[in-house]
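The values are calculated or read from the model by the stated rules, or taken from the named source; none is laboratory data. On a predicted model such as this, the values are computed, not experimentally measured, just so you know. Neighbour counts are summed over all protein chains in view; Cβ atoms, including those assigned to glycine, are modelled from backbone coordinates with ideal geometry. SASA here: full protein model, heavy atoms, side chains in, ligands and nucleic acids out. Shrake-Rupley method; radii C 1.70, N 1.55, O 1.52, S 1.80 Å.
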Amino acid sequence: MKERIIETSGRLFMRYGVKSITMDDIAKELGISKKTIYQHFSDKDEIVFQVAVHQLEEDKCEFQSMNDASKNVVEKMVKTIEMLKKSFCEINPTMLYDIKKYHPRAWNLFMEHKQNFILTQMIRDLEKGISDGLFRPEIKVEIIAKIHLESIFIAFDMQVFPPDRFSFIEVQIALIDHFIRGVLSDEGLKMYNNYLNLLS
């Protein structure tokens with residue numbers, strides 16, 4: 001039951017944001033009473049925190065799966081774009097704002113994941129791409145990794161990209177495509193375009 005509550009809550013938060021979802025909404029979606037939820041979680045903040053823990057563990061598993069299934073970093077980046085199309089197609093950009101404002105424990109967990117896992121993975125991928133001749137050798141790896149990481153999070157900023165004017169997933173894909181083309185060598189660019197042609 002605890003896992004069902006976490007999974008259902010996560011799905012609702014992704015679709016509608018965190019603030020707008022109440023304990024009643026979660027109970028109704030699961031077809032259970034609020035009392036049953038409170039047997040497993042002390043309050044909504046605890047649910048948000050556990051959803052964050054669950055989601056970040058899934059992210060780590062997906063990154064590892066893409067590492068194992070990709071022949072090179074260019075293919076991995078193309079797979080990342082395809083993964084984002086599936087996982088972010090229904091995401092509500094208010095979700096991250098809500099977590100930052102109302103749920104500091106979960107937000108701190110996201111920030112730790114951002115710095116200790118995502119940034120480390122990006123730096124490794126850039127170094128591997130340079131080593132394999134697929135990325136330009138002159139790029140400043142740590143600077144570029146940090147710029148790219150922050151650009152991913154700026155897509156959640158509704159003042160920069162108002163949802164009534166911009167599709168969240170289109171913004172994310174545009175940012176990633178811009179980043180990839182900026183770091184690729186001539187050989188890497190040919191490979192990237194070939195992968196995109198296979199998908200189209």
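Between (1) 105, 51, 33; (2) 60, 35, 31; (3) 59, 43, 29, which matches Cα extents along the principal axes in Å calculated for the structure shown?
(2)
Quote the accessible area belonging to residue 143 in square angstrom, nearest 10, computed with a 1.4 Å probe and with ligands, DNA and RNA left uncounted.
In the full protein context, residue 143 sits at about 100 Å².
Keeping every protein chain in place, order 98, 157 by accessible area at 1.4 Å, biggest value first, i.e. largest first.
Details: 98 10, 157 60 Å².
Largest to smallest exposure gives the sequence 157, 98.
Quote the FRET efficiency, to the nearest 0.05, computed for residue 111 versus residue 138 with a Förster distance R0 of 30 Å and r equal to the Cβ-Cβ distance. Show your work: numbers first, answer last.
Values: r = 30 Å, r/R0 = 1.01.
Computed FRET efficiency for residue 111 and residue 138 comes out at 0.50.
Amide H to amide H under 5 Å from residue 184: which residues, 5+ apart in sequence or cross-chain, H placed 1.01 Å off N in plane?
136
Report, to the nearest whole %, how much of the accessible area of the stretch 44-102 belongs to carbon and sulfur atoms, 1.4 Å probe, protein only.
Working: 1610 of 3040 Å².
Exposed carbon and sulfur together represent 53 percent of the surface.
Before I look further, what does the chain give for accessible area per residue, probe 1.4 Å, in whole square angstrom?
Working: 11390 Å² over 200 residues.
Here the per-residue accessible area is 57 Å².
How big is the charge dipole of the stretch 60-152 about its Cα centre, in debye rounded to the nearest 20, if each Lys and Arg gets +1 on its Cβ and each Asp and Glu gets -1 on its Cβ?
Values: 15 positive and 13 negative charges, 34 e Å.
For the stretch 60-152, the charge dipole is close to 160 debye.
Please identify every one of the trypsin sites (Lys or Arg not before Pro) in the stretch 1-83 that sits in a loop by DSSP and has no more than 15 other beta carbons within 10 Å of its own beta carbon. Write out the running numbers ahead of the final one.
Numbers: sites: 2, 4, 11, 15, 19, 28, 34, 35, 44, 60, 71, 76, 79; in loops: 19, 71.
Hits after loop and neighbour filter: 71.
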